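This report concerns only the one structure given below.
The values are calculated or read from the model by the stated rules, or taken from the named source; none is laboratory data. Just so we're clear, the structure is a prediction, and the values are computed from it rather than from any experiment. Because the Cβ atoms are built from the backbone with ideal geometry, glycine has one as well, and the counts that use them run over all protein chains shown.
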Amino acid sequence: MKGPLASLKILDFSTLLPGPFASLLLADMGAEVLRVESPSRMDLVRVLPPHDDGVSASHAYLNRNKRSIALDLKRPEAVEVVKQLVREYDIVLEQFRPGVMDKLGVGYEALKAINPKLIYVSITGYGQTGPYRDRAGHDINYLALAGVASYTGRRDTGPLPLGVQLADLGGGSLHGVMGLLAAVIHRQHTGEGQQVDVSMTDCAFSLNGMAGAGYLACGVEPDMENQALNGGSFYDYYRTRDGRWFSVGSLEPQFMQQFCAVIGHPELAARGLSLKAEDQQALKREIAVAFEKRDFADWCERFAAVDACVEPMLPLSEAVEHPQIQARGLVVEVPRGDGRKQRQMACPIRFSAGLPEPKHIGAAVGEHSAEVLHELGYSEAQVAELKAAKVIA
């Protein structure tokens, strides 16, 4: 089984999270991904704790199924290797600031001259244009500038640093994959390659969804805890007597009726329909009092057979063992290369034709350098010479 993207060959110059997560999805779906890494400037995810026998668990996951070649791109011999590679690896994924790849001699125009069908995906914080194009940033900055953080949090404590990197993953990674695959379809129809410009801030801005649409069309400025889905209504989290939490999303009347019946206050159901902020806050206080009367396990039992959009908040240790997660096969055993296996999160996309089994965890820096060069026609002597000159590792 090869997977639906088995025809794609991708050179991945990215590091950290956005690009590697994008190429992880592509590799899981069968694409051949070759990471081009620096032999001297380590991808910091490689040292990110926690470690499994000295290997970063995050790196082992994010770089699953990918090969690695280590090239010093400041050396012309290394640039020549890349130029040979793009004759076959006709998709490039990179995450440097604008202009960096050009300075190295492997920018879009330089590689397009070798392979006109090249698809060149550039994921950056702020895009290839605009006054912030050269500015540094991280996920929290992109969410702040895009307006997302302005209504995500509590009025008395401020915006929340999200546990999931929304701009990096939802913005850079998923939009990067989407743009890449759209360019592939375009190339199949026209024979033309192109550069795809993905800005994590742009993508985060588009994720404003309902709040952004409301502001642009109607001038309604979203704020913390002033909307139905951000704490401005009973749609929220509630603490149990033993200090754990439940999520309540019973927005529709039929769900609200069931929810209120379980907590012993059927009379509250009609109040859930009120649009007045003061009514919603009063309702939240009564729901909070009800939840604090019972322990987590008790509420789990009471809501288990009730279809009311009410679910317990689980730590990862419980989430991975949940029957739904287990039934969907979202945890897989991936070969480590030493005869053992590592548990990882599986590809979340399911195909009726299936996907190939995971081949291996993230590779060591330059683990496949010699192998890749031999595939390009380099002799043993030439590979040894490049290693001795520290062009490759």
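Quick notes on this structure:
- Flag for N141 being part of a loop (DSSP other than H, G, I, E, B) and of a type outside the set (A, V, I, L, M): no
- Filter pass, D43 being in the same structural domain as E357 (by TED's automatic domain parsing), of a type in the set (D, E, K, R) and within 23 Å of G171 (Cβ to Cβ): yes
- One residue from D43, D12 being buried (at least 20 other Cβ atoms within 10 Å of the Cβ), modelled with pLDDT of 95 or more, in contact with a Ser or Thr (Cβ under 8 Å, 6 or more places away or on another chain) and farther than 27 Å from H186 by Cβ: D43
- Any hit, the range 142-159, residues being under 21 Å from M200 (Cβ atoms), free of Cβ contacts under 8 Å to residues at least 40 places away in the same chain and either crowded, with 20+ Cβ neighbours inside 10 Å or more than 21 Å from the chain's Cα centre (by Cα) (or both): yes
- Among (1) hydrophobic (A, V, I, L, M, F, W, C); (2) over 21 Å from Q324 (Cα atoms); (3) not in a helix (DSSP H, G or I) - the single one L268 does not satisfy: (3)
- None of H189, H175 is within 27 Å of P348 (Cβ to Cβ), modelled with pLDDT of 95 or more and not small (G, A, S) except H175.
- Answer residue from the range 357-393, given it is surrounded by 14 or more Cβ atoms within 10 Å (Cβ to Cβ) and among the hydroxyl-bearing types (S, T, Y) and is nearest to P39 (Cα to Cα) among those: S369
- Output for the range 81-105, where each listed residue is over 16 Å from P18 (Cβ atoms) and either free of Cβ contacts under 8 Å to residues at least 40 places away in the same chain or not assigned by TED's automatic domain parsing to the domain that holds T129 (or both): K83, R87, G99, D102, K103, L104, G105
- Residue-level analysis places I114 outside the set of residues that are among the aliphatic types (A, V, I, L, M) and within 18 Å of the chain's Cα centre (by Cα).
- Across the range 11-37, the number of residues qualifying as aliphatic (A, V, I, L, M) and more than 18 Å from the chain's Cα centre (by Cα) comes to 3.
- Of the helices (runs of 4 or more DSSP H) that lie entirely inside the range 52-127, those containing 2 or more residues that are under 16 Å from T15 (Cβ atoms) span 57-62, 100-104.
- Counted residues, the range 248-290 - those being under 14 Å from D307 (Cβ atoms) and charged (D, E, K, R): 1
- Counting only strands (runs of 3 or more DSSP E) that sit completely within the range 286-393, those holding 2 or more residues that are in contact with a strand residue (DSSP E or B) (Cβ under 9 Å, 6 or more places away or on another chain) and over 30 Å from S40 (Cα atoms) correspond to 310-312, 331-335.
- Test: A204 is hydrophobic (A, V, I, L, M, F, W, C), touching a residue at least 60 places away in the same chain (Cβ under 8 Å), surrounded by 15 or more Cβ atoms within 10 Å (Cβ to Cβ) and touching an Asp or Glu at 6+ places or on another chain (Cβ under 9 Å): yes
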